[in-house]
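Trainee: Just dropping this structure here.
The values are calculated or read from the model by the stated rules, or taken from the named source; none is laboratory data. What you see is a predicted model, and the numbers here were worked out from it, not measured in a lab. Ideal geometry is used to build each Cβ from the backbone, glycine not excepted, and the neighbour counts take in all protein chains shown. The accessibility values were calculated without ligands, DNA or RNA, using every heavy atom of the protein model including side chains. Shrake-Rupley method; radii C 1.70, N 1.55, O 1.52, S 1.80 Å.
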Amino acid sequence: VVRLRHHGPPPAPLPEIPSVPEAVIKEARRRQRRRWLGVILGALLVAGLALGVAVGARFGGSKAKGSSGSSASGPFATAASRRWHGTGAALWFHGTPPNYLGAGRSSLVTCAGDAQGVCYVVIQANGIAPDGKPTEPSAPVAFAPFRSSAYRTTNDGRTWAQLRLPPGTWLSSPITCASGDSCAVGAVLNAGQPPNEPGSTVVVLTTRNGGRSWQEHPLPSWVGLVTHMSCPAASRCVALAWAQGAPTIDGRQPFSGVDRFYATSVLVSNDGGATWRASARLPGRAGGHDVYLSSVSCTGADCVFIGERAVIVPILGRGAYKTRDTGGVVLVSRDTGKTLSIGVRPPGWPIAVACAGPSDCLAVFGNARNGEATMLAGGPGHAWRTLHPTGLLTWTAGASSLVCPAAGHCLGVGTQIAVTTDGGERWTHTQALPAAPSGYSSDEPGSAACLPSGRCLLLEDVTPSSSPGPVAAATRVLTNSP
């Protein structure tokens, strides 16, 4: 169980859209920088990344020209695909910053395989419901039970229908879909504050009818939280999970109190999520290293995992630990996560991974030495190489996404937004985002998802400009569709 430190008595109940100092929000975002990039993704990009077979057929297979310097063809080749505008969808309110370090961003979007126009959004309440009202009027916003809401569009985001989730549900991962109707997501039922407190139940939820109903599937008793998933087919899924004792390693708490290293396990299912088991072995733990995995992208049976390795060093007399000898790691699998091997060990920490095919993957790692990102290209069974791209966007904490709807064609989201049509060698910045709605100011862009056609949805948090440092924020949906 992970609890935020709180000194003194809890604050009095807040009004419907309360506020906190801007410095508190900035500090919370800064403190999340190092570990929560993977959960942020919400990988957000998983359903779009599960397009391998369909994309290969449509755009010339995994060895398309875009992988080695293509001509200007494909989903991001036209200027229209690089312009953003609002979809007309209503704003969804939520609290910010997240009231749990493992919560990631407040909003995540994924698109469903090659289904035309079908995408899903998850909104994390963080104490405030999508209509702007407190989820628990009797509880301070920062200590409200964790809750999520989810929505589905079938027309590129112009209209959304709210999905009926089991009562008291908090979704711990982005929704991943093998098709427009077949999806899965990690969840905590009867979630409290923090979400996985005693009395809660960690499960995987699946739907076969586009979210109109959900089936609950139990997980091994040691699982404490599912953080990321990829389902390349309705019957096959891979999940990343923390153990129930994730906040500690060998009974020890992290010394920093914030920069936690959550050792990760890989779970696999071959029956549509009904049963789960751990993969045979998690490589990279030699020499006293533990492994933290942040996200996974699968196309067919080929999967790429990104994460970080570190040696856990106990601090005698303190019941705490710190990390040393840290570095990035890319793991690969050719059998949907049953067995894994090390692909490459880049410097830095994991930011994002996206695969359009077995040999068409990009992986991005942050590099604290020079402040720049390291970008790798390769795939399971294929050599990895370090790219030296031109025009690359600035990758930052809290707003990093990577989506590759077709071989060689990728959308990257950081403090800027850029597209590549040649496998990551050259990037072109898209048009600036439209102004925030009247009365709001824009935050950084966040989660993004794309369909094979190149139609993309981008979520952006906006905050009321009349109240500095508000607790209540809102998410708007932008699109590059005509």
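Trainee: Rounded to a whole number, what % of the accessible area of the range 225-352 do carbon and sulfur atoms account for, probe 1.4 Å? Don't skip to the answer; put the middle values down first.
Mentor: Values: 2180 of 4350 Å².
Roughly 50 percent of what the probe reaches on the range 225-352 is carbon or sulfur.
Trainee: Between H85 and A161, how high is the FRET efficiency from 1/(1 + (r/R0)^6) when r is the Cβ-Cβ distance and R₀ = 22 Å? Nearest 0.05.
Mentor: 0.50
Trainee: Once you place label points 7 Å from the Cα toward the Cβ at R208 and T386, how far apart are they in nm?
Mentor: For R208 paired with T386, the spin-label model returns 4.8 nm.
Trainee: How would you classify the range 87-206 from its alpha-carbon gyration tensor, with a ≥ b ≥ c the square roots of the eigenvalues: rounded for a/c under 1.5, else prolate if a/b is greater than b/c, otherwise oblate? Can you show the working numbers first?
Mentor: On the way: a/c = 2.36, a/b = 1.44, b/c = 1.63.
Taking the square roots of the gyration eigenvalues as a ≥ b ≥ c, the range 87-206 is oblate.
Trainee: For N190 paired with H429, estimate the spin-label separation in nm (one decimal), with each label point 7 Å from Cα along the Cα-to-Cβ line.
Mentor: Inter-label distance under the simple model: 5.2 nm.
Trainee: Calculate the dipole size of the range 200-281 relative to its Cα centre from +1 charges on Lys and Arg beta carbons and -1 charges on Asp and Glu beta carbons; express the result in debye to the nearest 20. Please report the intermediate quantities before stating the final value.
Mentor: Working: 7 positive and 4 negative charges, 34 e Å.
Value, rounded to 20: 160 debye.
Trainee: Arrange the peptides 456-465, 193-202, 121-130, 139-148 so that the one whose residues have, on average, the most other Cβ atoms within 10 Å appears first.
Mentor: Result, highest mean first: 121-130, 456-465, 139-148, 193-202.
Trainee: Sticking with this structure for a sec: Mind running the shape call on the range 136-278? Use the C-alpha gyration tensor, a ≥ b ≥ c as the square roots of the eigenvalues: rounded below 1.5 for a/c, prolate if a/b tops b/c, oblate otherwise.
Mentor: Values: a/c = 2.03, a/b = 1.27, b/c = 1.59.
In terms of gyration-tensor shape, oblate.
Trainee: Counting other C-beta atoms within 10 Å, and keeping those with at most 13, which DSSP coil trypsin sites (Lys or Arg not before Pro) do you find in the range 161-268?
Mentor: Working: sites: R164, R208, R212, R236, R252, R260; in loops: R164, R208, R212, R260.
Of the trypsin sites (Lys or Arg not before Pro), the ones in loops of the range 161-268 whose Cβ has at most 13 other Cβ atoms within 10 Å are R164, R212.
Trainee: State, as an integer percentage, the relative contact order of the range 363-438 based on alpha-carbon contacts under 8 Å between residues 6 or more apart.
Mentor: Numbers: 130 pairs, mean separation 16.6, N = 76.
RCO, the range 363-438: 22 percent.
Trainee: While we're looking at this one, here's another question. Over the range 323-482, what is the mean sequence separation of C-alpha contacts under 8 Å (at least six apart), divided by residue count, expressed as relative contact order in percent? It would help to have the intermediate numbers written out before the result.
Mentor: Working: 361 pairs, mean separation 21.2, N = 160.
Reported as a whole number, the value is 13 percent.
Trainee: Identify the chymotrypsin sites (Phe, Trp or Tyr not before Pro) of the range 157-222 meeting these criteria: DSSP loop state and at most 13 other C-beta atoms within 10 Å of the C-beta.
Mentor: Details: sites: W160, W170, W214, W222; in loops: W160, W214, W222.
Sites meeting the loop and neighbour criteria: W222.
Trainee: On the protein heavy atoms, probe 1.4 angstrom, tell me the percent of accessible surface of the range 377-427 carried by carbon and sulfur. Display every interim value, and only then the final one.
Mentor: On the way: 700 of 1440 Å².
Within the range 377-427, the accessible surface is 49 percent carbon and sulfur.
Trainee: Would you work out which of V313, C237, V223 lies farthest towards the positive end of the dipole of the range 216-359? Charges go on Cβ: Lys and Arg +1, Asp and Glu -1.
Mentor: About the Cα centre, the residue reaching furthest to the positive side is V313.
Trainee: Taking a temperature of 25 °C and a viscosity of 0.890 mPa s, what whole-number D in µm²/s does Stokes-Einstein yield for the range 345-482 with Rh from Kirkwood over alpha carbon pairs? Mind showing how you got there, number by number?
Mentor: Details: Rh = 15.9 Å.
Approximately 155 µm²/s, per Stokes-Einstein.
Trainee: Another question about this same structure. Towards the positive end of the charge dipole of the range 376-482, with charges on Cβ (+1 Lys, Arg; -1 Asp, Glu), say which of S400, G379, T463 has the farthest Cα.
Mentor: G379
Trainee: Roughly speaking, what is the centre-to-centre gap between the range 374-433 and the range 281-334 when only Cα atoms are used, to the nearest Å?
Mentor: 23
Trainee: A further question on this structure: Taking Cα pairs under 8 Å and at least six residues apart, what relative contact order does the range 292-369 come out at, in percent? List each step's numbers first, then the result.
Mentor: Working: 176 pairs, mean separation 22.2, N = 78.
Relative contact order for the range 292-369 comes out at 28 percent.
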